[in-house]
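Right, one structure below, let's go through it.
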Amino acid sequence: MQSSFSPGALLRRPEAGAFLGLLAVLIFFGIFGGLTFLQPAGMASWMNVASNLGVIAIPVGLLMIAGELDISVGAMVPFGAMTVAVVSGHYDLPIWFGIAVALTFGVLIGLINGYMVIRTAVPSLIVTLGTLFAVQGIVLGLTVLITKSTSVALVTEGVAKTIFGDFLFNGQVQVMVLWWLAITAAYIFFVHFSRFGNWIFAMGGDKVSARNAGIPTERMTILLFVLSSTSAAFVGLCQAILYNSAQVAGGQSFIFNAIISVVVGGVLLTGGFGSIVGIFFGTITFAIVNQGIYYTDFDRNWSSLIIGILLLVAVLMNNTFRKMALSYAPRKTGGK
Amino acid sequence: MRLIKNLMRAAAVVALMASAASPATAATIAVVGGSNDDAFWNLIKKGIDDATPAVVANGGSVNYLRLQNYDNFAPDVVQLIRTAISQKVDGLVIPNWVPEAEDPAIKDAIAAGIKVILMNAGGADKARELGAINYVGSDEYVAGQAGGAYFASHGKKHVLCVNTLPGANNTEARCKGVTDGMVAGGGAAEQLPLPTTSFGDPTAVAEAIKATLLKDTTIDGVITISAGDADAAATGIQQSGIATVSLGSFDMNAAGLARIKGGTQTFAIDQQPYLQSYLAVSLLAAAIDFGTSLPTYPVLTGPGIVDTVNIDATLAGVEKGAR
């Protein structure tokens, strides 16, 4: 380890590429989107979108680093939203109870995902595809059975509204942004400054060797699945509290958007490489690319095209830098 | 033992009644509808359920054939039409969602002597072309026009039609109708097509609307193509801090009705699905059983505007599962 600071070492960190991708799209929209895009209201715009996505993207990214995938998050978002709306909206039970039930379901589905992956050895993509559909079915069936509707209203007041679904700082910033920053900080600590992190990276690199080295790979896998599905349920319940309503459909965009954010953030699709800060930057990049469009004068019919191209550019920059970083060998300074 | 004997006796009575009824011209009707997770098609079911007793009283029956999902849409719909033909029904109520795929099957049904009513999708011209006896439903374009006219008559000048499903025929027709309704009333309107990456993410939709309102401050009206999007739009408008923007939506949900009652949403455009199935089944049964025909063609069930004037009556209908 070099002890002295050097710009080169900073550039070779895994998140450097992600940061440069972020910088590129910021400059792009700074030019085409003008000042409103960078003013507080504009910044709140993409921070809000990034926060909802980011809370899900980090655990999904950790799973990807560990060599797994969880696409059932797409169903857990409406599941979390609908659970809290049915419990606290339809049945009028205390909101805290609704939140607890929603999170419990999140843990439960995560446990099911995790156990099925380690017990059956079926690829996690397929397992979570199964739970994706199954949970969608449960949400739909139970909601229609209980409420005879596919859209349930929820009115929240008091502390719960402030903590889970309100706007702060002149009513611009969703409280979810604070959750996201706090959760990101916690993940950074556990992944990069505790042994759990090394375990996850080792699992993505080579699961068998990791287990042979004494890492509790099965327990870790289950834990990661619990994290991702609980996080998705959490985002869902917060959305229901914020928007005073929950829909049976929706949430599927989180599957793709989370994976895109993770990859833009420099995580390898094959696992074993990536960082929390990288995913953090990747999520912001994705949110900026998505929301920045509305501050430009481009015809809105081209939105998807521009989003696609910018995301590709961001990933390519990232890949280039990763290659440079991985092939770098420190120059020998003075012989022995 | 006695229970079983009683059951058998009851079954025999039912069978007798059924066989006694069948020689008369009793209408057996099949209704094809959308999937279970669609709130709309549960309101349609309520209309069918309420119309069924009258059909049964005359010795007929009604069968609601629903799609499991929309994944294999056109072939599944055609399959349901073929199922109805093979069941030798007398009447068929069918939404003409995918004319290219459905038309041949509907023509076969009519050729087999089945009386057909198009419901919900298709329109009057299509019903005439196929030889259906009527069209019961709303017209997306007319509904849009009504929305545009409502905004214009309430003094709005510049309306944004938020389309989370750009490119789909019905949503495009809704937004085009809004534009034409606004222009006819002396205002202007434009469409905001959102990319698929924001579909189903209320925060992304809300922020897109907020950004557009901040960028163009002349916008004083927003309308969304679905009730769920209106939940997001309400937040987007509130976030923009521009109090003069009024909100309308196509279709409605509980949260939207609460907003209309509370004053943060101006109106909702309802196509009144309950009436679609209730009227379609009743008209078809009467045509088969009694040879009636209705001179009104098409039968439009919408647009019905819900605003502060009729919100209480509407909420009462929601309680009963019909709105």
Averaged over the residues of B:248-256, the number of partner chain Cβ atoms within 10 Å of each residue's own Cβ comes to 4
Using a Förster distance of 25 Å, how high is the FRET efficiency between residue B:70 and residue A:304, based on the Cβ-Cβ distance and rounded to 0.05?
0.70
Inter-chain Cβ neighbour average for residues A:288-297, partner chain, 10 Å
4
Taking a ≥ b ≥ c as the square roots of the eigenvalues of the Cα gyration tensor of region A:89-229, is the shape rounded (a/c under 1.5), prolate (a/b larger than b/c) or oblate?
oblate
Relative contact order (percent, whole number), chain B, Cα cutoff 8 Å, 6+ residue spacing:
18
Run the helix sum for chain A: -39,500 (n - 2.57) per DSSP H stretch of 4+ residues, divided by residue count, reported at 222 nm to the nearest 500 deg cm²/dmol.
-23000 deg cm²/dmol
Residues of region A:64-84 with backbone N under 15 Å of the label point set 7 Å from the Cα of residue A:213 along Cα→Cβ are A:66-67
DSSP beta bridges in the protein assembly as shown [antiparallel fraction, %, rounded to 5]
20
Let me know the shape class of region A:1-132, please: from the alpha-carbon gyration tensor, a ≥ b ≥ c as square roots of the eigenvalues, rounded when a/c is under 1.5, otherwise prolate if a/b is greater than b/c, or oblate.
oblate
Specify the inter-centroid distance of region B:105-184 and region B:291-323, based on alpha-carbon positions, in whole Å.
16
Taking N as its residue count, the alpha carbon Rg of region B:140-270 over 2.2 N^0.38 Å:
0.92
Approximate spin-label separation residue B:242-residue B:190, in nm, with each point projected 7 Å along Cα-to-Cβ
1.1
Working out 0.36 nm times the residue gap between residue A:148 and residue A:91, then minus their Cα-Cα distance, what length gain in nm do you get to one decimal?
19.2 nm
Compute the FRET efficiency between residue A:115 and residue B:112 as 1/(1 + (r/R0)^6), taking r as their Cβ-Cβ distance and R0 = 51 Å, and round to the nearest 0.05.
0.45
Using the Cα gyration tensor of region A:11-326, with a ≥ b ≥ c the square roots of its eigenvalues, what is the shape: rounded (a/c below 1.5), prolate (a/b larger than b/c) or oblate (neither)?
oblate
Give the average, rounded to an integer, of partner chain Cβ atoms located within 10 angstrom of each Cβ in A:252-261.
2
If I model a spin label at residue A:163 and residue B:173 as a point 7 Å from the Cα along the Cα→Cβ vector, what separation in nanometres do I get?
4.9
Links exceeding 29 Å between C-alpha atoms in this model, out of B:45/B:115; A:161/B:45; A:161/B:210; B:45/B:210; B:156/B:320, come to A:161/B:45; B:45/B:210; B:156/B:320
Residue A:100-residue A:194 FRET efficiency (beta carbon distance; Förster radius 45 Å; 0.05 resolution)
0.95
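Every number in this text was worked out from the coordinates using simple rules, so none of it is lab data. Predicted model, so just to flag it, every value in this text is computed and none were measured. FYI the Cβ positions are ideal-geometry reconstructions off the backbone, even for glycines, and counts take in every protein chain you see.
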